[in-house]
1. Find all pairs meeting these conditions: Cβ atoms under 6 angstrom apart; at least six residues apart or on different chains; first residue within region A:1-17 and in contact (Cβ under 8 Å) with a residue 24 or more places away in the chain; second residue surrounded by fewer than 17 Cβ atoms within 10 Å (Cβ to Cβ) and hydroxyl-bearing (Ser, Thr, Tyr).
2. Can you tell me which residues in region B:274-285 are assigned to a loop (DSSP other than H, G, I, E, B) and buried (at least 19 other Cβ atoms within 10 Å of the Cβ)?
3. Are there any pairs, at least 6 apart or on different chains, whose C-beta atoms fall under 7 Å, with the first in region B:290-309 and part of a helix (DSSP H, G or I) and the second acidic (Asp, Glu), and if so, which?
4. Regarding B:Leu257, is this residue more than 14 Å from chain A (Cβ to nearest Cβ) and surrounded by 22 or more Cβ atoms within 10 Å (Cβ to Cβ)?
5. Just the residues that are within 11 Å of another protein chain (Cβ to nearest Cβ), under 22 Å from A:Ser18 (Cα atoms) and either at pLDDT below 80 or part of a helix (DSSP H, G or I) (or both), please, taken from region A:247-278.
6. Would it be correct to say that B:Leu142 is outside any loop (DSSP other than H, G, I, E, B) and at the interface with chain A (Cβ under 7 Å from one of its Cβ atoms)?
7. State all residues of region A:75-94 that are surrounded by 21 or more Cβ atoms within 10 Å (Cβ to Cβ), more than 8 Å from every other protein chain (Cβ to nearest Cβ) and either free of Cβ contacts under 8 Å to residues at least 60 places away in the same chain or over 21 Å from the mean Cα position of the chain (by Cα) (or both); if no residue qualifies, say none.
8. Do the conditions hold for B:Pro163, that is, is it free of Cβ contacts under 8 Å to residues at least 12 places away in the same chain, over 17 Å from B:Gly76 (Cβ atoms) and either within 14 Å of chain A (Cβ to nearest Cβ) or not in a loop (DSSP other than H, G, I, E, B) (or both)?
Amino acid sequence: MNNAELIIIFSSIILQASPLIIAVCGETITERSGVINLSLDGTMLMAAMTGFVVALKSNNVWVGFLSAAVVGMVFALIIAFGSIRLKQNQVAIGFVLTLLGDDLSSFLGQNFTRIPGPFIKKLAIPVLKDIPILGPLFFDQNLVVYFALILVVFTWWFMFRTRPGLQLRAAGERPAAAFSRGVGVNRVRYLYTILGGALVGIAGASYSLNIKLGWSDGHTRGLGWIALAIVIFGGWSPIRGAFGAILFGATKSLATVLQRRYPEVSVVAFNSIPWIMMIAVLLLVSSQFTDWLISVMPRRLQRPLHQLLKVSPPMALGTIFEED
Amino acid sequence: MNFSKWLRVSWPVVPILASLIFTTVLLLGFGANPIESFQAMIEGSFGDRSKTLSVLAFWIPMLLASTGLLVTFTAGLWNIGVEGQIIMGAVAASWVALKVTAPSPLLIGMEILAAMAGGGLWAAIVGVLKTRGRVHEIFGGLALNNLAIILTNYLISGPWQPPEGGTFRGTQPFQEAALLPRFAESRFSPISLVFVIIAFGLVLLSLSGTYWGLKLKALGKNPRSAFFLGVSSERETILAMLFCGALAGIAGAVRVLSWFDSLRQSISGGIGYLALLVVMLAMFRIFWVPIIAFFFSAVLNGSITLQLRTQLHSSLGGILTGVMVLFVLLFGNLNALRRKRTEENVEIVDEQR
């Protein structure tokens with residue numbers, strides 16, 4: 001394998017990972033504010049279907065993306081309303097929405113399966129694309145990839161370097177303290193749940209309009225769950241989450257490469273890689289074994305290793321906050 | 001809140017009405033006649049004796065899984081992995097059916113035991129991942145569901161493929177002795193009804209009348225204080241998972257041994273996810289579970305007939321049940337919300353009204 005081939009593989013990994021990166025950023029924002037949107041799998045299916053159908057009908061991919069974002073916002077609004085206003089179990093609501101989104105996308109998209117439609121064209125950035133290695137990796141892609149990459153940096157900056165970002169995190173960590181300092185906790189949670197939902201919707205459409213073109217029954221099934229797991233692996237940080245998304249994107253490319261090299265191994269063996277990896281990465285960041293492993297390391301390494309491996313969720317994640 | 005009072009009086013008419021309105025709008029959007037469509041669904045589930053028997057045959061494994069889920073939900077566990085536990089039960093039962101020759105009753109007994117072990121194993125992995133690895137059961141279960149599907153596809157297309165070549169659709173039909181005796185050439189097997197009655201009675205007894213049931217409730221209500229009361233959360237978690245996994249395993253066995261006659265690609269037919277919805281819709285009241293499961297079975301069977309007749313996607317049945325559950329989850333418990341608020345702070349509630 002020469003360098004040119006490697007660069008092609010890596011740039012395809014980044015392309016493959018871009019929708020996951022967007023979804024992970026969206027869910028990270030939502031969960032940092034204290035709300036779990038478990039409906040990602042159903043939301044992404046509905047958004048992928050809606051985005052494709054609307055783009056096909058309007059012959060405009062951007063209208064497709066917009067409609068997908070609206071779908072994501074509607075699903076997120078149901079979760080926010082159910083958990084904040086009605087104070088019901090957000091995990092249960094999210095789970096039902098997952099199944100409902102799956103069935104709804106099958107039903108509504110039934111006349112649009114396996115037909116060609118519009119998709120996003122490549123848009124190389126002049127000058128930057130000629131930088132060796134980095135150019136073909138990051139600047140010879142399309143707008144969805146650029147959006148995903150900018151989104152990661154922006155989300156990180158917003159969450160950790162701005163005042164509204166501090167309020168967002170406060171609503172998820174210590175809602176009572178935030179409320180006493182004048183933060184409208186539930187208003188913040190509504191806002192970022194819906195905003196996160198919009199991003200998840202865009203992620204869904206990035207499959208049907210960019211990576212896995214078109215629509216078929218269960219087009220993105222399973223990917224929403226993987227995004228949810230990456231949020232945990234990412235320790236609720238967009239940069240680490242993006243790294244996780246790229247890792248999962250890499251397994252997909254790796255499976256393709258391995259399959260070509262070892263055709264005698266059954267295809268199904270490669271299909272199991274993401275799910276085994278899902279368990280493995282969650283074990284890595286949260287199991288007692290990792291704790292033990294860190295504790296037997298040299299003392300100087302313990303703190304950095306702990307920061308590198310262990311994650312802890314926002315303290316008030318999934319709880320209901322009573323403002324009165 | 002007058003709405004919740006009104007809701008309580010008219011229960012359970014409102015959620016049914018809500019889901020009917022939603023699906024009617026969908027049907028109209030697709031240019032279908034809603035009345036004809038619902039008629040097709042009812043005929044599809046109760047139109048003649050064989051259709052009604054199909055509803056029964058679909059109901060039994062769903063009820064087995066729902067019954068198991070009552071135990072895990074009581075222990076506060078989100079056993080989404082029930083789908084994979086059903087599949088592994090089916091795989092284990094198929095293994096015995098394909099590889100062992102024995103007189104029918106003995107063979108069926110071995111199949112059921114293998115299915116319980118297969119489902120139980122898959123459930124126990126989720127349990128251990130949770131207690132030892134701190135991997136939430138939703139994620140552990142979901143990954144194992146997908147791995148179970150992948151394993152099934154591998155077996156069908158590889159080691160267990162029919163001698164005439166793999167079609168990716170299923171194994172060859174099992175020997176007659178391996179199948180559950182079926183009622184009048186239908187897919188319904190009376191023995192499976194016995195299984196479900198035993199399972200239901202067992203769960204009813206253990207949840208309402210045993211110390212174990214009490215421990216599970218303590219664990220589900222408040223894991224921390226349960227720990228201080230001496231309830232081993234690891235032991236009870238894994239036991240509850242094993243129990244549910246074993247019942248789900250039997251459900252999988254019933255799927256391969258009476259609904260089908262071989263291991264198929266989508267062997268569970270989503271029964272595990274449906275069972276989760278059943279228990280949520282029942283709001284964990286045990287006696288509602290069989291009734292709701294039966295209703296779900298009728299809707300799902302009816303929607304298959306709807307697809308055959310009108311070419312509309314059979315996911316309509318899932319939408320109908322899903323909207324119903326969503327409605328109940330959102331608005332079904334508002335009375336409790338109101339009670340809680342009243343106890344905590346009377347004045348503010350009054351002001352808000």
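1. none
2. Within region B:274-285, the subset assigned to a loop (DSSP other than H, G, I, E, B) is B:282-285.
The one that is assigned to a loop (DSSP other than H, G, I, E, B) and buried (at least 19 other Cβ atoms within 10 Å of the Cβ): B:Ala282.
3. Pairs that qualify, where the first residue is part of a helix (DSSP H, G or I) and the partner is acidic (Asp, Glu), are B:Thr305/B:Glu43.
4. Yes: the conditions hold for B:Leu257.
5. Scanning region A:247-278 gives A:Phe270, A:Asn271, A:Ile273, A:Pro274, A:Trp275, A:Ile276, A:Met277, A:Met278.
6. Details: outside any loop (DSSP other than H, G, I, E, B): yes; at the interface with chain A (Cβ under 7 Å from one of its Cβ atoms): yes.
Judged against the criteria, B:Leu142 is a match.
7. A:Ser83, A:Ile84, A:Gly94, listed by residue number.
8. no
The values are calculated or read from the model by the stated rules, or taken from the named source; none is laboratory data. None of these values were measured; they are calculated from a predicted model. Please note: Cβ atoms are built from the backbone with ideal geometry, for glycine as well, and neighbour counts cover all protein chains shown.
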